[in-house]
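Enquirer: So that we are looking at the same thing, I have put the structure below in structure tokens.
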Amino acid sequence: MDQAAETEDNSMIKITNIFKTYTMGENVVKALNDVSLVIEDGEFLAIMGPSGSGKSTLTHIIGLLDVPNAGSYQLNGREVSQLSEDELAVLRREEIGFIFQQFNLLPRMTAVENVGLPLLYSKKIFAQNFTSSLLEKMGLALRLDHRPNALSGGQQQRVAIARALVNKPKMILADEPTGNLDSASSKEVMAILHELNSQGITIVIVTHEEEIGQQAKRLIRMRDGVVQSDVRKIPAEISDFKKIPELPNTTVISVGSWAEIVEHFKQGFKALIANKVRTCLSMLGISIGVAAVIAMLAIGNGAQKAIESQMAALGSNLFVLRTGATRVGGVVQDSGVSTRLTHEDSEALKEQIPAVKETSTRVNGKGEVTYLGQNWHTQVLGVDSSYARMHASQPEIGRYFTDEDNKKRARVVVLGSTVAKELFANNSPIGETVRINKIGFLVIGVMPEKGTNGWQDQDDVVAIPVLTFMHRLHGRAFVDAIEIEVNDANNMPEVEEAALEIMYKRKKVPPSVRHDAFVLRNMADIKAAMSESNETMATLLAVIAAISLLVGGIGIMNIMLVSVSERTKEIGLRKAVGARKKDIQMQFLVESIVVSAIGGIAGIVLGGMITTILSMTIGWATSISLTSVLLSFSFSAAIGMIFGIYPAKKASKLNPIDALRFE
Ligand code: ADP
Ligand code: MG
């Protein structure tokens, strides 16, 4: 019968000459071979036929889950083949409810959540209890929070029907809905479908059970992809026709995209919790990367701060004068001039330059300090009495040595606090005699504690008069360095010039070799050199951190790809209930962002622990900055985003019916 001409305007579905073929190697299967069909609003149509006759293929095409190879399909007057993928998704969720033989409920969601799933994509929140009232109408009032595996087949199919109804569609497509059900459950499902039809919803049902086919108002029989017969008839009475009340009226609230994102986050968490071990493993890479960043930045920061505080303690008005390093032994080879420094040079500089506040010579050496059979290896510093003022080292207990002590080459020593602690524990060392390299020294003071500078303990030192060091301890004629303190930072350049001039004169250095006869450096120079090496270090650390985060990101991508292929069926179902490409992308992106953000937080905690342990065991000064925490957190979230894009895109491109068939 061809009613197409007269029913064109009212007909919901108009299919004309469609073909669908599948090629399996050599075989070409004509699943649909020139099928034409018109379905009007409010019909109750059953499609029957032997297995493989093309029933499912036809319903999938009607339900917009699949497309024909040729022919025309008009839905409500619009040619379907001209609609975009997103327009099709909108039609799937607003106009059509699909019911599958295998129910296709999402296993991790409760009954209520499964029913509400299409609402996520229609961006509607129905009056809160709409989903539960739908389930109550289906006789599932006591099963709302059950997961599918805790429901019988009949119950699962009723949940699936509720899901198909949640967006109030005009048409229900059911592909063998009773195929997996016992006869009692089948009757129940059929009663519901009849009831829905009496409320005006178009029903198309595929079945191979004659009894069910006879309950329809119109029956189509198919064979080998061809419609064999199409008859309208009086439906057979069904025995226990259950009267279900009208679907509840609903309030529709459009919700903003934030609510949608929150929902995606919730679902993302659920998916991740369902795979705890895998999730943790994929987080590990990011965690280690972030921990590395945090610890490295903290240690770097600590070192920088230590240098700065050390500089501050030293004072920025200091010069250190040394013999030029390029001449062996301080002797300028071609002229025979010695540029080695003496105590007299130091005094001359102080006397001759008015802007010089203090000078001090300095010699360094290793020494073994013993007291009552205990010994301690430490650094021995020979300096002038002025050194204590220049370096804020005046003892808190006892006193520093004087110029007088120095002139007399007195055997007196001021201990650093570490040395005092090691040899005297809590007793006062003042007035006791210690031996430095077997020579007895009277302890006259203990220097104030200075702490570590990031590499070494600044309190692990003893100071003795420089002349004592040179003449009694080591027998040296020259000093290692002369430290010069300038009265005002503004006078630094002037003093630098004057000091060199005086030294050239004193040592009779000919102009030709002056350029590297001496090295005169101030603290600003040293500081600059140190921060330069610090920067090199920081760059190196940043590269290491970037590599480890990259590796972490690849780990996340890997896991997300596994997750996509594992959840292909779920993606198909989501698309079948109306998810657009962008919704699927969002879902997987949110998931990978959640993984890497949580991994990032774990990394921050881990990094904090590593930092604390390092600074406790090695004694490094460290400091974690808020910036580094925020930076690495947002960085790890960004990694999740970047490395999640590919798997998310891959998931969103799946064709709904292929995805649903995936096992
Ligand atoms: P029915 O639902 O009536 O049992 P189908 O519509 O599922 O039949 O299938 C019709 C024909 O198309 C069958 O021969 C089937 O093997 C074939 N077919 C269906 N889907 C595919 C597919 N994805 N790939 C290859 N052949 C298919
Ligand atoms: Mg089938």
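The values are calculated or read from the model by the stated rules, or taken from the named source; none is laboratory data. In this text the structure is predicted, and so the values were computed from the model without any measurement. Cβ: placed from backbone, ideal geometry, glycine included. Neighbour counts: every protein chain shown. Ligands, DNA and RNA are excluded from the accessible area calculation, which covers all protein heavy atoms including side chains. Shrake-Rupley method; radii C 1.70, N 1.55, O 1.52, S 1.80 Å.
Enquirer: Using only the Cα atoms of segment 442-502, build the gyration tensor, take square roots of its eigenvalues as a ≥ b ≥ c, and label the shape rounded, prolate or oblate: rounded if a/c is under 1.5, else prolate if a/b is larger than b/c, else oblate.
Expert: Taking the square roots of the gyration eigenvalues as a ≥ b ≥ c, segment 442-502 is oblate.
Enquirer: Going by a ≥ b ≥ c, the root eigenvalues of the Cα gyration tensor, does segment 558-631 fall in the rounded group (a/c under 1.5), the prolate group (a/b larger than b/c) or the oblate group?
Expert: prolate
Enquirer: Mind checking the log10 I(q)/I(0) for segment 468-592 at q = 0.10, 0.13, 0.22 Å⁻¹? Debye, one equal scatterer per Cα, no solvent, two decimals.
Expert: The Debye formula, applied to the Cα set alone, gives -0.63, -0.83, -1.24.
Enquirer: Sticking with this structure for a sec: Given 25 °C and 0.890 mPa s, how large is the Stokes-Einstein diffusion coefficient of segment 144-184 in µm²/s, with Rh as the Kirkwood radius over Cα pairs?
Expert: Rounded to a whole number, D works out at 217 µm²/s.
Enquirer: With the contact rule set at Cα under 8 Å and sequence spacing of 6 or more, what percent relative contact order holds for the chain?
Expert: 17
Enquirer: Now, a different point. Give me the three principal axis extents of segment 414-518 from the C-alpha atoms, as integers in angstrom, largest value leading.
Expert: 56, 33, 25
Enquirer: Accessible area per residue, 1.4 Å probe, Å², for segment 421-505: what's the number?
Expert: 48
Enquirer: Could you tell me which GluC sites (Glu not before Pro) in segment 125-214 are loop residues by DSSP with no more than 16 other beta carbons within 10 angstrom of their beta carbon?
Expert: Counting only loop positions with at most 16 other Cβ atoms within 10 Å, the GluC sites (Glu not before Pro) in segment 125-214 are Glu209.
Enquirer: Compute the distance from the alpha-carbon center of segment 348-378 to that of segment 257-278, in whole Å.
Expert: Their Cα centres are 67 Å away from one another.
Enquirer: Only Lys, Arg, Asp and Glu count, each charged at its Cβ (+1, +1, -1, -1), so figure out the dipole size of the chain about its Cα centre, rounded to 20 debye.
Expert: 1040
Enquirer: By DSSP, what percent of the beta bridges with both residues in the chain are antiparallel, rounded to the nearest 5?
Expert: Bridges in the chain that DSSP calls antiparallel: roughly 70 percent.
Enquirer: Out of every Cα pair in segment 12-54, what percent are spaced more than 16 Å from each other?
Expert: 52
Enquirer: Shifting gears a bit: Across segment 261-273, in residue order, what do the Karplus-derived ³J(HN,Hα) couplings come to in whole Hz, using 6.51 cos²θ - 1.76 cosθ + 1.60 with θ = phi - 60° and x for Gly and Pro?
Expert: Values per residue, Gly and Pro as x: 5, 4, 4, 4, 4, 4, 5, x, 4, 4, 4, 6, 5 Hz.
Enquirer: Can you find, among Phe633, Ala481, Gln74, the residue farthest towards the positive end of the dipole of the chain? Put +1 on the C-beta of Lys and Arg, -1 on that of Asp and Glu.
Expert: Checking the options against the dipole of the chain, the answer is Ala481.
Enquirer: What is the packing order of peptides 93-101, 437-445, 547-555, taking the mean over residues of other C-beta atoms within 10 Å and listing the highest first?
Expert: 93-101, 547-555, 437-445
Enquirer: In whole Hz, with x marking every Gly and Pro, tabulate ³J(HN,Hα) for segment 574-590 from phi via Karplus 6.51 cos²θ - 1.76 cosθ + 1.60, θ = phi - 60°.
Expert: Listing the rounded values in order: 4, 5, 4, 8, x, 5, 8, 3, 5, 5, 5, 4, 4, 4, 6, 5, 4 Hz.
Enquirer: How many angstrom lie between the Cα centre of segment 212-236 and the Cα centre of segment 18-90?
Expert: 17
Enquirer: Where the centroid of each part is defined by its Cα atoms, how far is segment 596-652 from segment 421-451 in Å?
Expert: The two parts, judged by their Cα centres, are 47 Å apart.
Enquirer: While we're here: So what is the 222 nm mean residue ellipticity for the chain from helices alone, if each DSSP H run of at least 4 adds -39500 (n - 2.57) and you divide by all residues, rounding to the nearest 500 deg cm²/dmol?
Expert: -15000 deg cm²/dmol
Enquirer: Separate question: Pop out the carbon and sulfur fraction of the accessible area of segment 38-78 as a percent, whole number, probe 1.4 Å.
Expert: 47
Enquirer: Local charge sum around Gln155 (other residues, Cβ-Cβ under 12 Å, Lys/Arg +1, Asp/Glu -1)?
Expert: +1
Enquirer: If you plug each phi of segment 634-648 into the Karplus form 6.51 cos²θ - 1.76 cosθ + 1.60 with θ = phi - 60°, what whole-Hz ³J(HN,Hα) values come out, in order, with x for Gly and Pro?
Expert: So the Karplus estimates, Gly and Pro as x, are 5, 5, 5, 5, 5, 4, x, 5, 5, 7, x, 4, 5, x, 5 Hz.
Enquirer: Next question. Counting alpha carbon pairs within less than 8 Å and at least 6 residues apart, what relative contact order, in whole percent, applies to segment 356-435?
Expert: The value is 30 percent.
Enquirer: Rounded if a/c is under 1.5, else prolate if a/b beats b/c, else oblate: with a ≥ b ≥ c from the C-alpha gyration tensor eigenvalues square-rooted, which is segment 376-476?
Expert: Note, shape of segment 376-476 comes out rounded.
Enquirer: Can I ask one more? Using a 10 Å cut-off on Cβ atoms, rank the peptides 33-45, 505-517 from the highest mean neighbour count down.
Expert: 33-45, 505-517
Enquirer: Provide the three semi-axes, in whole Å and in decreasing order, of the ellipsoid equivalent to the chain as defined by the square roots of 5 times the Cα gyration tensor eigenvalues.
Expert: In descending order, the three semi-axes are 93, 26, 18 Å.
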